[in-house]
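Data block below; observations after.
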Amino acid sequence: MQRERTDLIAELEKELAGLTPENFKLVADACKELLIEQEGGQLEHIKVNLPASEDDYLNGYGEGVFMLVTPEIKAAYDADESGTKYTGILDNDSMNYPSLKHGALIPFEMRGDKRPVVSLNWLVDHYGAAQG
């Protein structure tokens, strides 16, 4: 099942790459609403890092933010899963990426016993360079 999830995420990334920021936000908002509806509002918190540089990304450093995720993703987080990609809902505003606000749908990758991290390229493509 994990391989199917990885393939689906890669396919979605290709499809969404050409969207304008406004259209990307519309799609993300629709996905967020669907996720909350499917989970019956039963989402859980995890902490994820937003890197400000390539070095931060490679080492797993960055601004720590809270994400709302499904119970399945929380279980993967608790099991120290590594190398898999998931998507969560940002539950606070970012200080380093001022336009990244509560409610944004954000992809991240698990890093085993280290905190999950968001792709620096994804952050820069969608929210510009870090300000902090």
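No value in this document is a laboratory result; all are computed from the given coordinates. Since this is a predicted model, take the numbers as computed values, not measurements. Cβ sites come from the backbone with ideal geometry, for glycine too, and all protein chains shown count toward neighbours.
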field: Nonlocal amide H pairs with Leu100, under 5 Å, H built at 1.01 Å
entry: Ser94
- prompt: Hey, fewest Cβ within 10 Å first, where do Ser119, Ser94, Ser99 land in order?
  reply: Ser99, Ser119, Ser94
task: Starting from the eigenvalues of the Cα gyration tensor, five times each then square-rooted, give me the equivalent ellipsoid semi-axes of the stretch 62-132, largest first, whole Å.
output: 21, 13, 10
- request: Give me the number: length gained by fully extending Thr84 to Glu54, i.e. 0.36 nm times residue separation minus the C-alpha to C-alpha distance, one decimal in nm.
  value: 8.9 nm
message: Could you work out how much longer the chain between Gln131 and Asn23 gets when fully extended? Use 0.36 nm per residue separation minus the Cα distance between them, nm to one decimal.
response: 36.5 nm
message: Using Cβ counts within 10 Å as a stand-in for footprinting exposure, how do Thr84, Thr20 rank, fewest first?
response: Thr20, Thr84
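Which ordering of Tyr127, Tyr97 is given by a fewest-first count of other beta-carbon atoms within 10 Å?
Arranged by neighbour count, lowest to highest, Tyr127, Tyr97 become Tyr127, Tyr97.
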